[in-house]
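Just below is one structure, and these are the notes that go with it.
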DNA sequence: CTGAAAGCGCTTACAG
DNA sequence: CTGAAAGCGCTTACAG
């Protein structure tokens, strides 16, 4: 392989001069600089990443720690991953994808071996076992998903509480007074998926304030169970005029459920979901929905993380950013039929 | 950070002895070995990855190069990624996820900087611009997806030709004589998605042999266009009794299309798709389908790649593995109505 | 069975 | 404005 020594020889300078000419960390005469650049070009020199990391203690790599649970909705995950990976690259970093089941152990291993400059944690749980390890690590981290104790950590998430409240507000404003909310399955909550109850709590609070009758349910996360769930729930509440979905599988199943019941949205039922725009497009979901903003959350987390990595001044206060809900109106909400 | 020097001091031995005690590359007395191990344990020593890479020219990292095209069907991609990442980890490797648009440039950059020991290329196109770069690279690679010129490269893919032939065979055996095939959109083919015409060719050949009338179409890759496509196609061929889908979006759209037409499978139409089991489960697709085996292809590619990395004997012949089609019967095929 | 030393390819104080 | 040298933390011939 071609090293900086080869470049230096070809340019007729010392290795340190070649190095400085490339890094620009000290002034170099234009002629020397040009010769070095030409040598780099003709030899096709690229610095050895391991050697550079050893010398500088910087790897220009970020670790992305996902939690890929077989009973969760997989397709949504890719948006976060690509948001992180693409933004990292734009900022000059590569991404190490870590999919191990034991995220805490993986984080420790990768941190200790100094493979990366920082961590992005996806799908963060209420009491996430990765957090104590992250706090003890010398590298900074950014979370996508709000844990119970975010103290001192940079956190990015959709504001699920405001989302629940916003959904109720929106339907109430149209005249709805009886609404059903179908959430992710209970085991997601038990595993620490706090966003489920955060949205439900926000909805509950606002419903109480406005005198709206709200019925909340957990739904399955896969087919065909969720289809049956929806039928049962709609049977139970024949007078409800609004349906809120915090469950991608439910959203995917709803079109055929409605068709089977001879119902249409918004004529028979106003529907608001919570999923990504991309998801809606892929499956042609005709429901207005609060965008889960996966791509954007991933990107923001990376930006903040790189900020921390590159600013020695590590004393900046932790950044907690909850994105306000944005409704993508696809025409599935209207005033209830009189 | 704690280095092997610290371990050596704590154990009262030299750094080389500490290193050998850990690698096992030369015989060490049991007592010394124990002392080293205890020092490692109590100090919490983990080797510095950059230093090790520099010394050994091995990184224990694999690069995973995807092609994430906005107009392709995203959800299917994650299965390949996790197959690769999980299998890599099982074999002691981490995975660098590369999502840059210019895969050839990315491959060159990563290869030159010696960040990884090998490459897995996903979604390989007929004439893939990454291949010449890979062939010139010192690190080995494995492809998921069969290119036009696979010479010398390890390739893993579903046998799409056999899949097309198998689909026709299956329906013909049940008595079908007029069949429609809906493929991915034409632009996927133009971009090098050779699997589209490989399946179509296999189907065509077998249909001709068996005297089956086969109508082939490109369909859109997203909603709602593909729904309209399906309606138009079914309108055009009212006497067709079999439908083959090599297009995930079409499979996702078909349930509502059939419902809208008052049709059911297999009573009015026998249907065979080609998509992953996971995909079928998530969206409750009730169609028998040839499994696209994403997870397995990713895993096999990694196994072969690691084989190449770890066997100095680089002279093993290229490995071309086309997985035979396996039908997951979900009850959507039967004899046509008389 | 173990140690002292060289070397991997960089960067960066230290001198001039 | 430039060069010689030290050092990052490992591994592995070379000696004993």
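Only the coordinates and a few stated rules stand behind these numbers; no lab work does. Treat the numbers as computed from the prediction; the structure is a model and nothing was measured. For neighbour counting, all protein chains shown are included, and Cβ atoms are generated from backbone atoms with ideal geometry for every residue, glycine included.
A few comments on the model shown:
- Label positions at residue A:205 and residue B:26, each projected 7 Å from the Cα along the C-beta direction, are separated by 6.7 nm.
- Global geometry of segment B:150-236, whether rounded, prolate or oblate, following the gyration tensor of its Cα atoms and the 1.5 cut on a/c: oblate
- Cα-based helix-to-principal-axis angle, B:30-43 vs chain B, degrees rounded to 10: 70 degrees
- Counting Cβ atoms of other protein chains within 10 Å of each residue's Cβ and taking the mean over peptide B:92-105 gives 4.
- Note on segment B:4-47: Rg/Rh from Cα positions, Kirkwood definition for Rh, rounded to two decimals, is 0.90.
- The mean number of partner chain beta-carbon atoms within 10 angstrom of a residue's beta-carbon across peptide B:108-117 is 5.
- Folded to 0 to 90 degrees: helix A:77-90 orientation relative to chain A principal axis, Cα: 30 degrees
- Each peptide in B:266-272, B:244-250, A:305-311 was scored by the mean count of other Cβ atoms within 10 Å over its residues; highest first, the order is B:244-250, B:266-272, A:305-311.
- Spin-label model distance (nm) - residue A:174 vs residue B:319, 7 Å beyond Cα toward Cβ: 5.5 nm
- Length added when fully stretched, residue A:307-residue A:228, from 0.36 nm per residue minus Cα-Cα: 23.7 nm
- In summary, the protein assembly as shown shows an alpha-carbon radius of gyration equal to 1.07 times the 2.2 N^0.38 Å reference for compact globular proteins.
- Spacing of the two label points (7 Å from each Cα toward its C-beta) at residue A:186 and residue B:237, in nm: 4.8 nm
- Estimated from the Cβ-Cβ distance and a Förster radius of 51 angstrom, the FRET efficiency linking residue A:42 and residue A:136 is about 0.60.
- For segment B:182-288: rounded, prolate or oblate by the Cα gyration tensor [a/c cutoff 1.5]: rounded
- Theoretical ellipticity at 222 nm over chain B - DSSP helices of four or more residues, -39500 (n - 2.57) apiece, nearest 500: -14000 deg cm²/dmol
- The distance linking segment A:85-163 with segment A:48-67 is 16 Å (Cα centroid to Cα centroid, whole angstrom).
- Selected from B:85, B:29, B:221 as most flexible by GNM, with chain B as the system and alpha-carbon contacts under 10 Å: B:29
- Sequence-separation-based contact order of segment B:116-168, relative, with Cα cut under 8 Å and 6+ spacing, percent: 34 percent
- Normalised contact order of chain B, rounded percent, pairs of Cα under 8 Å and 6 or more residues apart: 18 percent
- For chain B, a/c is not less than 1.5, where a ≥ b ≥ c are the root eigenvalues of the C-alpha gyration tensor, and a/b tops b/c. That puts it in the prolate class.
- Gaussian network model of chain A, springs between alpha carbon atoms under 10 Å - residue of A:251, A:53, A:63 with greatest fluctuation: A:53
- Among B:173, B:227, B:192, residue whose mean-square fluctuation peaks in a GNM of chain B (springs only between Cα atoms under 10 Å): B:173
- Inter-chain neighbour count for B:43-52: the average number of beta-carbon atoms from partner chains within 10 Å of each residue's beta-carbon is 6.
- For residue A:138, label point 7 Å along C-beta direction: distances to other copies, nm: 2.8
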